[in-house]
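Student: Supplied in structure tokens, the structure appears directly below.
The values are calculated or read from the model by the stated rules, or taken from the named source; none is laboratory data. Quick caveat: nothing in here was measured; it's all calculated off a predicted structure. Neighbour counts run over all protein chains shown; Cβ positions are idealised from the backbone, glycine included.
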Amino acid sequence: MRLKPWHKTKVVLGLTLAFATGLGAVAGPSGADARQDDIAALVRAADREAAARGTIVAISFYDRVKGVYADNGELPHKHYGSASLVKLFIADDLYHRHARGEIQLSDFDWQQADAMLRASDDKAASRFWSAHGGAQIVDRVKARYRLDEVQPPVNPRWWGLTRITSADISNYYARMLAGEGGLPQWLQDKLVGNLQAFTTYGADGFYQRHGVPDGLPNEPVMAVKQGWMCCQADLRVLNSAGIVGQDRRFIVVILAHQPAGTSNYVHVQDSATLAIRRVFPSGTIPRPARQDPVGAPAARPGATPPPATGATEPRSLDLAGLDGTARGAVTMGIAGLGELVSPVTGRCTPRPGGADVEVTSDDGARVTLRLGDRSSVTLADADLDFAADLLPGDYTFSAPRLTVGARFQSEGMPAGRLDLDVTCR
């Protein structure tokens, strides 16, 4: 358990900080400030309760006014997949290079950056990632902000496999707000303003209020970036990182993961939210402390039902004719991870009730479609293995050409889109 002054940030604000425990408010020397060991105890309790649900969490909390940092020991220094949290780095890099005159952002670029931060738009992230250096984006941000623990993805195609720690995401926020990375004030405000305007559902329809937002329902102002992905190393990852308060005083980061086979997205989302509620039982970061019981995660407002499972169109196609060597192109975007865009070669093979299409990109990524009663897509690419159900969409087979344009889902949740155009003969 670490608990110490951190992030050498100059702040002059006459505010006080206090925390509540399960036994009531605890007064410090001023009658409002919390004792530092109380913060540590609450974070430690959140860690234990998440573990009892099978979820591992890395929690970092930083008060920029008092210079007090708390976390749950070694976990905040262990690496997690970033999922969409890397979009913070993509936006920061774009803004910084624009301010320096190294690149010029068009009106469309600004709009896309807004969508990437607010609605976690994956297409926008993939476009910027491809156009501005891929993993070099992470290297540049890492150097400017002295992020010792962040690592670019081993497979540079997938931006969501960037390796982060909760401690370094906390460092990033604190140093960005202090101007240490060279981002001008107007662009700091632009970035934080976009995070404050985050949407309840992402561009792909995924509920993105887990962790910090639903854990602090009584905080009127927060700037949050969320992340989700599955299933590198068979882990389901839900990340949440926020700047809390009109004065941008508090930084709260929680990175949560659980084996995919023992969880679903809702379970891990709830684990992250409950952990934040355990640290802040009143649903706010007290100024001064007040006591409310630990509550359940906030209900998901107006949650849309998951899409229907299984694609139906391929059953009406004459898939028996889908036979021979396959050549063509694929675009496959996976939520929170990135995008594969490549020519492909492989094989089309008919089978009773359907057909299989197995193709490989120029650099070795393998995509397999299983078309028929329950259509699915799988991807194997370096250390990434992914599987999902294909949904109804545009499926056309006029021998020898097969075209597919459809979304896919994993466990009833939006997971991405596949566009495939191959000739089989």
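Student: Could you list all residues from the stretch 229-249 that are surrounded by 20 or more Cβ atoms within 10 Å (Cβ to Cβ) and either in contact with an Asp or Glu (Cβ under 6 Å, 6 or more places away or on another chain) or of a type in the set (Asp, Glu) (or both)?
Tutor: Answer for the stretch 229-249, where residues must be surrounded by 20 or more Cβ atoms within 10 Å (Cβ to Cβ) and either in contact with an Asp or Glu (Cβ under 6 Å, 6 or more places away or on another chain) or of a type in the set (Asp, Glu) (or both): just Val244.
Student: Now, a different point. So Asp383 ticks every box in (1) modelled with pLDDT under 90; (2) touching an Asp or Glu at 6+ places or on another chain (Cβ under 8 Å); (3) within 27 Å of Gly134 (Cβ to Cβ) but one. Which box is left unticked?
Tutor: Going through the list (1) modelled with pLDDT under 90; (2) touching an Asp or Glu at 6+ places or on another chain (Cβ under 8 Å); (3) within 27 Å of Gly134 (Cβ to Cβ), Asp383 breaks only (2).
Student: Hey, among the residues in the stretch 316-362 that are among the acidic types (Asp, Glu) and over 26 Å from the mean Cα position of the chain (by Cα), which one's modelled with the highest pLDDT?
Tutor: First, the residues of the stretch 316-362 that are among the acidic types (Asp, Glu): 318, 323, 339, 356, 358, 362.
Those left that are additionally over 26 Å from the mean Cα position of the chain (by Cα): 318, 323, 356, 358, 362.
Details: Asp318: 74, Asp323: 91, Asp356: 93, Glu358: 97, Asp362: 92.
Filtering the stretch 316-362 for residues that are among the acidic types (Asp, Glu) and over 26 Å from the mean Cα position of the chain (by Cα), the one modelled with the highest pLDDT comes out as Glu358.
Student: How about the stretch 314-338: which of its residues are buried (at least 21 other Cβ atoms within 10 Å of the Cβ) and either out of contact with any helix residue (DSSP H, G or I) (no Cβ under 8 Å at 6 or more places or on another chain) or not small (Gly, Ala, Ser) (or both)?
Tutor: Those that are buried (at least 21 other Cβ atoms within 10 Å of the Cβ) and either out of contact with any helix residue (DSSP H, G or I) (no Cβ under 8 Å at 6 or more places or on another chain) or not small (Gly, Ala, Ser) (or both): Pro314, Leu319, Leu322, Ala326, Val330, Met332, Ile334, Leu337.
Student: Among the residues of the stretch 55-87, which ones are assigned to a helix (DSSP H, G or I) and crowded, with 24+ Cβ neighbours inside 10 Å? Give the derivation first.
Tutor: Step one: of the stretch 55-87, the residues assigned to a helix (DSSP H, G or I) are 75-77, 83-87.
The answer is Pro76, Ala83, Ser84, Leu85, Val86, Lys87.
Student: For a quick check of your reading of the model, give me the residue pairs whose first member lies in the stretch 105-120 and is in a helix (DSSP H, G or I), whose second is of a type in the set (Asp, Glu), with beta-carbon atoms closer than 6 Å and at least 6 apart or on different chains.
Tutor: From residues that are in a helix (DSSP H, G or I), the pairs are Ala115/Asp121.
Student: Sticking with this structure for a sec: Has the stretch 129-143 got any residue that is at positive phi, surrounded by 18 or more Cβ atoms within 10 Å (Cβ to Cβ) and in contact with a strand residue (DSSP E or B) (Cβ under 9 Å, 6 or more places away or on another chain)?
Tutor: Within the stretch 129-143, none of the residues are at positive phi, surrounded by 18 or more Cβ atoms within 10 Å (Cβ to Cβ) and in contact with a strand residue (DSSP E or B) (Cβ under 9 Å, 6 or more places away or on another chain).
Student: Would you mind telling me which numbered condition in (1) crowded, with 24+ Cβ neighbours inside 10 Å; (2) within 13 Å of Phe128 (Cα to Cα) Tyr95 fails?
Tutor: Among (1) crowded, with 24+ Cβ neighbours inside 10 Å; (2) within 13 Å of Phe128 (Cα to Cα), the lone unmet condition for Tyr95 is (1).
Student: Condition check: in the same structural domain as Thr55 (by TED's automatic domain parsing), touching a Gly at 6+ places or on another chain (Cβ under 9 Å), surrounded by fewer than 20 Cβ atoms within 10 Å (Cβ to Cβ) and modelled with pLDDT under 95. Does Asp204 satisfy that?
Tutor: When the stated conditions are applied, Asp204 does not pass them.
Student: Test Ile39 against the stated conditions and say whether it is crowded, with 19+ Cβ neighbours inside 10 Å and either closer than 23 Å to Gly160 by Cα or of a type outside the set (A, V, I, L, M, F, W, C) (or both).
Tutor: Details: crowded, with 19+ Cβ neighbours inside 10 Å: yes; either closer than 23 Å to Gly160 by Cα or of a type outside the set (A, V, I, L, M, F, W, C) (or both): no.
Judged against the criteria, Ile39 is not a match.
Residue-wise test of (1) of a type outside the set (Phe, Trp, Tyr); (2) at pLDDT below 50; (3) out of contact with any helix residue (DSSP H, G or I) (no Cβ under 8 Å at 6 or more places or on another chain).
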| site | (1), (2), (3) |
| --- | --- |
| Thr9 | yes, yes, no |
| Leu23 | yes, yes, yes |
| Gln36 | yes, yes, yes |
| Gly54 | yes, no, no |
| His79 | yes, no, yes |
| Asp93 | yes, no, no |
| His96 | yes, no, no |
